[in-house]
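The values are calculated or read from the model by the stated rules, or taken from the named source; none is laboratory data. Here the structure is a predicted model, which is why all the values come from computation and not from measurement. Here the Cβ positions follow ideal geometry from the backbone for every residue, glycine too, while neighbour counts run over all protein chains shown. Surface accessibility is based on the protein's heavy atoms, side chains included, excluding ligands, DNA and RNA. Shrake-Rupley method; radii C 1.70, N 1.55, O 1.52, S 1.80 Å.
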Amino acid sequence: MWVYEKKLQYPVRVSKCDVRMAKYLLEQYGGADGELSAALRYLNQRYTIPDKVIGVLNDIGTEEFAHLEMIATMIYKLTKDASVHELEAAGLGANYAQRDHALFYQNAAGVPWTASYIQAKGDPIADLYEDIAAEEKARATYQWLIDMTDDVDLQDSLKFLREREIIHSLRFKESVQILIDERDKKRVF
């Protein structure tokens, strides 16, 4: 089903070690509106979505995993040279005590990821509106993350992800319109 190329969807560069920023990026790694939640939400919802738009959920859901890989790479690059004292100063001391430098699906506040972050109503239009909201929340978070760093290399990757959220939102809006048009068609028997 998938062909995996051993490269990121978009290059990830960072200019410096920045543990504080890495902690904030955890929001998009394991937060309620992060990439893991999005990927799982869309790939789960595709089972109750009409065939006319199932491809949109498939495509965007798998792309979200590519975004998750980019976020993980950013966090790794921002922390790989960090000392234990720098991790502690940034509020990642407990994470280090449990996992060393390993990533864990949690948000920026350290709350572990939970399946309650994702929704599936079974009504295609309701689910797509949920997906639009998820993409808009992710877009907003990316903007705030961009605002929180002066690392232009990191900003570049974050801007790419923000723009993809906008595209995803537009594709979900188009899917809603397709389903509304289909529902409102006059049927003559």
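Under a Gaussian network description of the chain, with springs only between Cα atoms under 10 Å, the residue in Val53, Val19, Val152 that fluctuates furthest is Val152.
Placing pseudo-labels 7 Å out from each Cα toward the beta carbon at Thr73 and His85 gives an inter-label distance of 3.2 nm. Among Ala22, Ala66, Ala89, the residue with the largest mean-square fluctuation in a Gaussian network model of the chain, with springs joining Cα atoms closer than 10 Å, is Ala89.
Percent relative contact order of segment 1-149, based on C-alpha pairs within less than 8 angstrom and at least six residues apart?
Values: 173 pairs, mean separation 53.7, N = 149.
Contact order relative to length: 36 percent.
Protein heavy-atom accessible surface, 1.4 Å probe, per residue over the chain: 54 Å². In the chain, the longest principal axis of the Cα atoms and the axis of helix 19-30 are about 30 degrees apart.
Helix 35-45 axis versus longest C-alpha principal axis of the chain: approximately 20°, rounded to the nearest ten.
Enumerate by residue number the GluC sites (Glu not before Pro) in segment 114-152 meeting two conditions: DSSP loop (anything except H, G, I, E, B), and at most 13 other Cβ atoms within 10 Å of the site's Cβ. Working shown, then result.
On the way: sites: Glu130, Glu135, Glu136; in loops: none.
Sites meeting the loop and neighbour criteria: none at all.
Once you order the gyration tensor axes a ≥ b ≥ c over the Cα atoms, which shape class does segment 95-139 get: rounded for a/c under 1.5, otherwise prolate or oblate by comparing a/b with b/c?
Working: a/c = 4.50, a/b = 2.64, b/c = 1.70.
Prolate.
Leaving ligands, DNA and RNA out of it, report the carbon-plus-sulfur percent of the accessible area of segment 1-115 at a 1.4 Å probe.
Working: 3270 of 5940 Å².
Summing carbon and sulfur atoms, their accessible area is 55 percent of the total for segment 1-115.
In terms of its Cα atoms, segment 35-189 spans 73, 31, 19 Å along the principal axes, sorted from long to short.
With n ≥ 4 as the cut-off for DSSP H runs, can you work out [θ] at 222 nm for the chain, using -39500 (n - 2.57) per run divided by the number of residues, rounded to the nearest 500?
Values: 7 runs with 122 residues, N = 189.
My calculation for the chain gives -21500 deg cm²/dmol from helical runs alone.
A cut-off of 5 Å between modelled amide H atoms, ignoring neighbours fewer than 5 places along the same chain, links Gln106 with Gly30, Trp113. With every protein chain left in place, what is the accessible area of Trp144 in Å² (1.4 Å probe, nearest 10)? It works out to around 150 Å². Taking 7 Å steps out from each Cα toward its Cβ at Tyr105 and Leu170 produces label points 3.0 nm apart.
Longer than 29 Å from Cα to Cα, which of Lys121/Lys159; Lys23/Lys137; Lys80/Lys121; Lys52/Lys159; Lys16/Lys159 are they? Say none if no pair is. Walk me through the numbers before you get to the answer.
Values: Lys121/Lys159 31 Å; Lys23/Lys137 19 Å; Lys80/Lys121 41 Å; Lys52/Lys159 31 Å; Lys16/Lys159 18 Å.
The pairs that break the limit, which is 29 Å between Cα atoms, are Lys121/Lys159; Lys80/Lys121; Lys52/Lys159.
Computed with every protein chain present, the accessible area of Tyr96 is close to 80 Å² [probe 1.4 Å].
Can you tell me the length gained on complete extension of the stretch Tyr10 to Trp144, counting 0.36 nm per residue apart and subtracting the Cα distance? The partial results should precede the final answer.
On the way: separation 134, 0.36 × 134 = 48.24 nm, distance 1.99 nm.
Going from the current span to full extension adds 46.3 nm.
Taking a 1.4 Å probe, which of Thr48, Thr73 shows the most accessible area, and what order do the others take after it? Can you show the working numbers first?
Working: Thr48 75, Thr73 30 Å².
The ordering from most to least exposed comes out as Thr48, Thr73.
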